[in-house]
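A short write-up of the structure that comes next.
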Amino acid sequence: MILGITLLVFLVLQAAPGDQASSALGDGASEEAKQQYRQENGLNDPLVLQYFRFLGRLLQLDLGVTTPPAKSVASMIGSAFPLTLQLTFLGVLIAIVLSLGFGILGALYRDKWQDQLVRVFSIAAIATPSFWLGILLIQWFALGASPLFPSGGIATPESGFGGWLNSMALP
């Protein structure tokens with residue numbers, strides 16, 4: 001399964017329009033410089049050989065570099081990983097608290113109006129695309145008349161737990 005996914009990713013990258021050498025060096029680069037880049041990076045090799053080289057680098061966690069500017073993809077992911085963990089932890093914590101609360105409320109008032117309200121809210125929450133809800137919340141809170149939450153950025157450790165929690169609300 002994983003090999004199939006890596007093959008699919010590799011083929012999609014190969015089928016993308018444009019040339020890797022032109023992307024890396026820019027459109028103003030000479031044909032000689034582009035040819036040298038293709039030779040140095042093995043882009044002239046058969047696709048099978050390129051795929052196995054891709055797999056080998058992937059197994060070594062060598063995810064390549066961005067173009068332009070040339071930055072290590074692994075280091076970019078590594079720098080964003082702690083913030084991603086914080087957001088994930090907070091999201092899971094909120095989901096657990098809300099789901100337990102709504103579950104208890106639904107169980108206590110089974111087949112009454114409170115239970116029906118919880119069911120409608122749950123179905124609406126599941127059916128609403130999270131990206132769309134996020135955009136609406138950012139427009140409502142951060143860009144509205146009374147900015148309750150910041151519209152971007154992350155709080156520094158000096159701002160304390162409240163500042164961190166405030167910046168995590170609508171990252």
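The values are calculated or read from the model by the stated rules, or taken from the named source; none is laboratory data. These figures come from a predicted structure and were not determined experimentally. Don't worry about glycine lacking a Cβ; one is built from the backbone with ideal geometry, like all the others, and counts go over all protein chains shown.
Yes or no: segment 40-50 includes at least one residue that is of a type in the set (A, V, I, L, M, F, W, C), under 27 Å from the mean Cα position of the chain (by Cα) and surrounded by 14 or more Cβ atoms within 10 Å (Cβ to Cβ). Show your work before the answer.
Step one: list which residues in segment 40-50 are of a type in the set (A, V, I, L, M, F, W, C), which gives 43, 47-49.
Next cut, under 27 Å from the mean Cα position of the chain (by Cα) only: none.
No; the residues of segment 40-50 include none that is of a type in the set (A, V, I, L, M, F, W, C), under 27 Å from the mean Cα position of the chain (by Cα) and surrounded by 14 or more Cβ atoms within 10 Å (Cβ to Cβ).
Cβ contacts < 9 Å: first residue at pLDDT below 85, restricted to segment 13-31; second residue loosely packed, with under 10 Cβ neighbours inside 10 Å, any location; separation 6+ or different chain. Result?
Final answer for the pair search is 24/70.
Out of the residues in segment 51-81 meeting the condition of being aromatic (Phe, Trp, Tyr) and within 20 Å of residue 11 (Cα to Cα), tell me which one is surrounded by the most Cβ atoms within 10 Å (Cβ to Cβ).
For segment 51-81, the residue satisfying everything is 54.
Of all residues being part of a helix (DSSP H, G or I) and exposed (fewer than 12 other Cβ atoms within 10 Å of the Cβ) in segment 100-120, which is nearest to the chain's Cα centre (by Cα)? Just the residue, please.
Our first condition is that a residue be part of a helix (DSSP H, G or I); within segment 100-120, this holds for 100-108, 113-120.
Now narrow it down to the ones that are exposed (fewer than 12 other Cβ atoms within 10 Å of the Cβ): 100-101, 104, 107-108, 113, 120.
Values: 100: 27, 101: 29, 104: 33, 107: 36, 108: 38, 113: 39, 120: 29 Å.
Filtering first and then ranking leaves 100.
Does residue 23 satisfy the condition of being polar (S, T, N, Q) and farther than 23 Å from residue 74 by Cβ?
no
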